[in-house]
């Protein structure tokens, strides 16, 4: 009876939740984004007839994100929900026979485990019983085994902890570490039952920590060879969170557990993926010089030997979202390109070409056994939906309509801009005009610098660190400028590598040249310009306001302002990032001076701009200690400053309430100083 009542009243409830601004065609407001449905993890069934995917919604009442597992028919678009209300639901994967879908989730306060649910519907069954939880998993080609990754037990027993015999050794770890790090390893389980078997051992770990350079592949599940004899995975040299640059591809024999490295390299190999047939194995590795460069796609054999760089001349930074074609003769790859995220067909032999997404941004990708593509895509004025390309030459057909309410808002206009810095460096970026823009009128300007820095601002709906602020600032009556300064990964290797040993001055010249271009066009009210950004964008903001003094206000979100602290205290590979980007450690003679001259905190005594600082209290990527230092540098000199801490947040807010309050605080600060 309750179920019937719930469905009966759902249309009324949904109607009440649709924001009034949507019906009126007005500009979108911050609270309107609460209704946004994010779509993730599309996966084709083995026969290519169905797609499994996740929807993720904000639960503001319980301050969490709730995921639902769906299955959709690719022919008619019929969809039904398989699993609701399981916490931390992620990583849906079809069984090879297509009868079931496995996924990771947890019950109550238990550790995450692998569950399986019939594809036609039914009750999820728990498959794994890993004491320390499951982090990644993948099916064997015959469906008889599942490889999963779980951390080892702590070397300190419960009894030792009870009596405080719990001292441990610290190496390349973050400043909040409170227990010994442990490696993660691969185990095998049989879905039909039986005891799991550990496959890999030792002090080295399956990669579980974020790589130092954000576009560099990422954390991916072990991959099986087509014959089921081999598993390849990304191995980190140890379990310490700042050593995620020390990675290589390992290949392990499933029967014996014997393993060997794929190549002779010991750094920056990521994202192995076996071909759907044959023995070819693909992975990502930096083009060079050094890791401050675009990522290339390599193909080789699990036996080792010579590997081929497929896209050495492509000159774009590939990300981890690439997929083999079913004939194993090429790939669909994703890369930032100018102000878009573009899909390309990359053959094993020959030149790549862009696929047609009707101007949308590709967020997630899957390829079927028949060569069809499932793509989650969005645009500046198009909320994300799931699309189908029946072949690589087809146009996308929309399959879902979860975000139809967002079609009715009045969105601002965004365009790509191109310019050159004084030294000739070519740059691009996004300019968004205010709602109701009138030609010939000058407007306040908000400059938003993206993080990374090896990332870029793209024309997504609610993506990148800027999130909803592009639309909010435009509704406030401001121009919004998002420069892709040198170091960004969207204009090729030379543009990305140009940040090497030049973390501040070069990017500063790019940003200032872009602002001057806009001023020459008569668009900008020069007396009302704000600087804002998150992470490396926070670094750039702190640098800009310490070197120029025309800014009306500034926002530094989780901003890195001191490279020595980044090297000493941070996690997520930032120790490696500073070392590889600045050319050494703070104690190397060739780089020590740059740690000082390249840090905004060195010049914080020159800042005169009213500044809002925000930081997560548990941020181990950019420690909150840096925000404290910047705050005191301004407060002690009576510069208007406000410092907001976000309880429990890491490098960004992990819950919807804090996320909304974060953007609300930024918008309010800018409006306070720029006016309306």
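The values are calculated or read from the model by the stated rules, or taken from the named source; none is laboratory data. Please read these numbers as outputs of a predicted model, since none were measured by experiment. Here the Cβ is made from the backbone with ideal geometry for all residues, glycine too, and neighbour counts use every protein chain on show.
For first residues located in segment 250-271 and outside the structural domain of residue 305 (by TED's automatic domain parsing) and more than 14 Å from residue 232 (Cβ to Cβ), partners that are at pLDDT 95 or above and surrounded by 16 or more Cβ atoms within 10 Å (Cβ to Cβ) and lie 6+ apart or on another chain with Cβ distances below 9 Å do not occur. Only a single criterion out of (1) under 28 Å from residue 57 (Cα atoms); (2) surrounded by fewer than 24 Cβ atoms within 10 Å (Cβ to Cβ) is not satisfied by residue 432, namely (2). Within the bounds of segment 294-315, is there any residue that is at pLDDT below 95, closer than 25 Å to residue 96 by Cα and under 18 Å from the mean Cα position of the chain (by Cα)? Scanning segment 294-315, I find no residue that is at pLDDT below 95, closer than 25 Å to residue 96 by Cα and under 18 Å from the mean Cα position of the chain (by Cα), so the answer is no. If you go through segment 272-286 and keep only what is over 18 Å from residue 262 (Cβ atoms) and either in contact (Cβ under 8 Å) with a residue 60 or more places away in the chain or touching a strand residue (DSSP E or B) at 6+ places or on another chain (Cβ under 6 Å) (or both), you end up with just 276. Scanning segment 62-74 for residues that are touching a strand residue (DSSP E or B) at 6+ places or on another chain (Cβ under 9 Å), surrounded by fewer than 20 Cβ atoms within 10 Å (Cβ to Cβ) and either free of Cβ contacts under 8 Å to residues at least 40 places away in the same chain or in the same structural domain as residue 400 (by TED's automatic domain parsing) (or both) turns up 66, 68, 73.
Examine segment 513-531 for a residue that is closer than 24 Å to residue 668 by Cα, touching a residue at least 40 places away in the same chain (Cβ under 8 Å), within 25 Å of the chain's Cα centre (by Cα) and assigned to a strand (DSSP E or B), and state whether such a residue exists. So far as segment 513-531 goes, yes, one or more of its residues are closer than 24 Å to residue 668 by Cα, touching a residue at least 40 places away in the same chain (Cβ under 8 Å), within 25 Å of the chain's Cα centre (by Cα) and assigned to a strand (DSSP E or B). Taken over segment 395-406, the criterion of being in contact with a strand residue (DSSP E or B) (Cβ under 8 Å, 6 or more places away or on another chain) and either without any contact (Cβ under 8 Å) to a residue 12 or more places away in the chain or under 16 Å from residue 462 (Cβ atoms) (or both) is satisfied by 397, 402, 403, 406.
Counting only residues that are within 16 Å of residue 471 (Cβ to Cβ) and free of Cβ contacts under 8 Å to residues at least 12 places away in the same chain, segment 645-676 holds 1 of them. Going by what's in this entry, would residue 444 be described as over 25 Å from the mean Cα position of the chain (by Cα) and outside any loop (DSSP other than H, G, I, E, B)? Considered against the rule, which asks whether it is over 25 Å from the mean Cα position of the chain (by Cα) and outside any loop (DSSP other than H, G, I, E, B), residue 444 comes out as yes. Based on this model, can you work out whether residue 588 counts as modelled with pLDDT of 95 or more and either crowded, with 22+ Cβ neighbours inside 10 Å or assigned to a helix (DSSP H, G or I) (or both)? So residue 588 fails the test. Filter segment 448-458 for residues that are closer than 20 Å to residue 335 by Cβ and touching a strand residue (DSSP E or B) at 6+ places or on another chain (Cβ under 6 Å); which is surrounded by the fewest Cβ atoms within 10 Å (Cβ to Cβ)? Here the answer is 458.
Residue check: is residue 404 at pLDDT 95 or above, assigned by TED's automatic domain parsing to the domain that holds residue 356 and surrounded by fewer than 19 Cβ atoms within 10 Å (Cβ to Cβ)? Judged against the criteria, residue 404 is a match. Return yes or no: is residue 415 under 28 Å from residue 356 (Cβ atoms) and touching a strand residue (DSSP E or B) at 6+ places or on another chain (Cβ under 9 Å)? Yes; evaluated as a whole, the condition is true for this residue.
The set of residues from segment 242-290 being more than 26 Å from the chain's Cα centre (by Cα), over 20 Å from residue 323 (Cα atoms) and crowded, with 16+ Cβ neighbours inside 10 Å comprises 252, 254, 259, 263.
Residue by residue through segment 616-636, note down the ones that are crowded, with 19+ Cβ neighbours inside 10 Å and under 15 Å from residue 571 (Cβ atoms). Of everything in segment 616-636, those that are crowded, with 19+ Cβ neighbours inside 10 Å and under 15 Å from residue 571 (Cβ atoms) turn out to be 616, 619, 620, 621, 622, 623, 624, 626.
For segment 223-241, the candidate set comprises residues that are touching a residue at least 40 places away in the same chain (Cβ under 8 Å) and more than 19 Å from residue 208 (Cβ to Cβ); within that set, the residue that is surrounded by the fewest Cβ atoms within 10 Å (Cβ to Cβ) is 227.
Being within 23 Å of the chain's Cα centre (by Cα) and not in a helix (DSSP H, G or I) is the filter here; which residues of segment 532-562 pass it? Hits for segment 532-562 are 532, 533, 534, 535, 555, 556, 557, 558, 559, 560, 561.
Across segment 415-437, the number of residues qualifying as without any contact (Cβ under 8 Å) to a residue 60 or more places away in the chain and under 23 Å from residue 492 (Cα atoms) comes to 3. The residues on offer are 348, 343, and the sole one that is crowded, with 20+ Cβ neighbours inside 10 Å and in contact with a strand residue (DSSP E or B) (Cβ under 6 Å, 6 or more places away or on another chain) is 343.
Please tell me if residue 113 is at negative phi, surrounded by 21 or more Cβ atoms within 10 Å (Cβ to Cβ) and at pLDDT 95 or above. When the stated conditions are applied, residue 113 does not pass them.
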